[in-house]
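First up is the structure itself, then whatever we jot down about it.
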Amino acid sequence: QKEVEQDPGPLSVPEGAIVSLNCTYSNSAFQYFMWYRQYSRKGPELLMYTYSSGNKEDGRFTAQVDKSSKYISLFIRDSQPSDSATYLCAMSATNAGKSTFGDGTTLTVKP
Amino acid sequence: GAVVSQHPSWVICKSGTSVKIECRSLDFQATTMFWYRQFPKQSLMLMATSNEGSKATYEQGVEKDKFLINHASLTLSTLTVTSAHPEDSSFYICSASSGQGAEKLFFGSGTQLSVL
């Protein structure tokens, strides 16, 4: 069983929809939780970074972490075609940059 | 944000040859750099952690004699795939850290390696 499980999708939504992306994990030592956006054949770009449980909001993006359930989510409000990409969750036990990544969810936002 | 330059963006080589990939932090000093491998529709798999001036730390199952990593300065790390074979074909990505935390970790744009 993988340490981090992420629904690969693909996920297709109309423009303006609310998108929910999720990951589950098994390692209770994880304390740092990240969401990255990756366009095709490019490196990942950090979207959200949270420590421990709770919510964090940045513009149209909201990250939620529920450590008791070992479940994290990323919500995208008012989705745009430019949000079409692969979204990777990642998590780590320390703040040292070494993370375990999910397989990514491919999102397409249709105009 | 900080910029990490990775070159080349794609390379095609013959089986048995060696290929070098460069990762440069352009506007900051990177104490640590990471090298990943990514197969289509799969996650980034960490291959090794590279610290300037010391030997790289390889993840379990990664052949250090095949994937040579040199972190010669605080702005440059290189990955050399030696005696490449078709199964080494993959997307290789580097990242560079300017300090603690994911907010200080920046990724290169990746290198697509195709071995014929």
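Taking the options B:108, B:61, name whichever one is out of contact with any Leu (no Cβ under 9 Å at 6 or more places or on another chain), modelled with pLDDT of 90 or more and either buried (at least 20 other Cβ atoms within 10 Å of the Cβ) or within 14 Å of chain A (Cβ to nearest Cβ) (or both).
On the way: B:61 fails: either buried (at least 20 other Cβ atoms within 10 Å of the Cβ) or within 14 Å of chain A (Cβ to nearest Cβ) (or both).
Result: B:108 is the single residue among B:108, B:61 that is out of contact with any Leu (no Cβ under 9 Å at 6 or more places or on another chain), modelled with pLDDT of 90 or more and either buried (at least 20 other Cβ atoms within 10 Å of the Cβ) or within 14 Å of chain A (Cβ to nearest Cβ) (or both).
Confirm whether residue A:97 is surrounded by 15 or more Cβ atoms within 10 Å (Cβ to Cβ), free of Cβ contacts under 8 Å to residues at least 60 places away in the same chain and facing chain B (nearest Cβ under 9 Å).
Values: surrounded by 15 or more Cβ atoms within 10 Å (Cβ to Cβ): yes; free of Cβ contacts under 8 Å to residues at least 60 places away in the same chain: yes; facing chain B (nearest Cβ under 9 Å): yes.
Spelling it out, residue A:97 is indeed surrounded by 15 or more Cβ atoms within 10 Å (Cβ to Cβ), free of Cβ contacts under 8 Å to residues at least 60 places away in the same chain and facing chain B (nearest Cβ under 9 Å).
Just wondering, is there one or more residues in region A:53-62 that are outside any loop (DSSP other than H, G, I, E, B) and of a type in the set (Ser, Thr, Tyr)? Explain how you work it out, then say what you get.
Initially, region A:53-62 is screened for residues outside any loop (DSSP other than H, G, I, E, B), giving A:54-58, A:61-62.
Right, trim to of a type in the set (Ser, Thr, Tyr) and you get A:62.
The answer is yes, given that some residue of region A:53-62 is outside any loop (DSSP other than H, G, I, E, B) and of a type in the set (Ser, Thr, Tyr).
Quick one: is residue A:16 farther than 28 Å from residue B:99 by Cα, assigned to a loop (DSSP other than H, G, I, E, B) and within 14 Å of another protein chain (Cβ to nearest Cβ)? Give the steps one after another, and end with the answer.
Details: farther than 28 Å from residue B:99 by Cα: yes; assigned to a loop (DSSP other than H, G, I, E, B): yes; within 14 Å of another protein chain (Cβ to nearest Cβ): no.
The answer is no for residue A:16.
Across region B:28-56, what is the total count of residues that are part of a loop (DSSP other than H, G, I, E, B) and within 11 Å of chain A (Cβ to nearest Cβ)?
Within region B:28-56, the first condition is being part of a loop (DSSP other than H, G, I, E, B), and the residues that meet it are B:28-31, B:39-43, B:52-56.
If we keep only those that are within 11 Å of chain A (Cβ to nearest Cβ) as well, we get B:30-31, B:39-43.
Counting residues in region B:28-56 that are part of a loop (DSSP other than H, G, I, E, B) and within 11 Å of chain A (Cβ to nearest Cβ) gives 7.
Are any residues in region B:64-99 among the β-branched types (Val, Ile, Thr) and crowded, with 16+ Cβ neighbours inside 10 Å, and if so, which ones?
At the first step, the residues of region B:64-99 found to be among the β-branched types (Val, Ile, Thr) are B:69, B:75, B:78, B:80-82, B:93.
Residues satisfying the conditions are B:69, B:75, B:78, B:81, B:93.
Yes or no, residue by residue, for (1) touching a residue at least 12 places away in the same chain (Cβ under 8 Å); (2) under 22 Å from residue B:32 (Cβ atoms); (3) not in a loop (DSSP other than H, G, I, E, B):
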{"position": "A:23", "(1), (2), (3)": "yes, no, yes"}
{"position": "A:30", "(1), (2), (3)": "yes, yes, no"}
{"position": "A:33", "(1), (2), (3)": "yes, yes, yes"}
{"position": "A:79", "(1), (2), (3)": "yes, no, no"}
{"position": "A:86", "(1), (2), (3)": "yes, no, yes"}
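Would you mind telling me which numbered condition in (1) of a type in the set (Ser, Thr, Tyr); (2) facing another protein chain (nearest Cβ under 9 Å); (3) surrounded by 21 or more Cβ atoms within 10 Å (Cβ to Cβ) residue A:105 fails?
For residue A:105, the failing item is (2).
Might you let me know whether region A:4-13 holds any residue that is closer than 15 Å to residue A:109 by Cα, assigned to a loop (DSSP other than H, G, I, E, B), open to solvent by less than 60 Å² (accessible area, probe 1.4 Å) and within 14 Å of chain B (Cβ to nearest Cβ)? It would help to see each step written out before you state the result.
Pass one, region A:4-13, residues closer than 15 Å to residue A:109 by Cα: A:9-13.
Next cut, assigned to a loop (DSSP other than H, G, I, E, B) only: A:9-10.
Those still in the list that are open to solvent by less than 60 Å² (accessible area, probe 1.4 Å) too: A:9.
Filter again for within 14 Å of chain B (Cβ to nearest Cβ), leaving A:9.
So far as region A:4-13 goes, yes, one or more of its residues are closer than 15 Å to residue A:109 by Cα, assigned to a loop (DSSP other than H, G, I, E, B), open to solvent by less than 60 Å² (accessible area, probe 1.4 Å) and within 14 Å of chain B (Cβ to nearest Cβ).
Considering only residues that are of a type in the set (D, E, K, R) and under 17 Å from the mean Cα position of the chain (by Cα), look in region B:8-41 and name the one that is farthest from residue A:106 (Cα to Cα).
Narrowing region B:8-41 to residues of a type in the set (D, E, K, R): B:14, B:20, B:22, B:24, B:27, B:37, B:41.
If we keep only those that are under 17 Å from the mean Cα position of the chain (by Cα) as well, we get B:20, B:22, B:24, B:37.
Values: B:20: 30, B:22: 28, B:24: 29, B:37: 18 Å.
This residue is B:20.
Would you be able to say whether some residue in region B:105-114 is touching a residue at least 24 places away in the same chain (Cβ under 8 Å), at negative phi and out of contact with any strand residue (DSSP E or B) (no Cβ under 6 Å at 6 or more places or on another chain)?
no
The values are calculated or read from the model by the stated rules, or taken from the named source; none is laboratory data. Note that the coordinates shown come from a computational prediction; the quantities given were computed from them, not determined experimentally. For neighbour counting, all protein chains shown are included, and Cβ atoms are generated from backbone atoms with ideal geometry for every residue, glycine included. The area values use the complete protein model at the heavy-atom level, side chains included, leaving out ligands, DNA and RNA. Shrake-Rupley method; radii C 1.70, N 1.55, O 1.52, S 1.80 Å.
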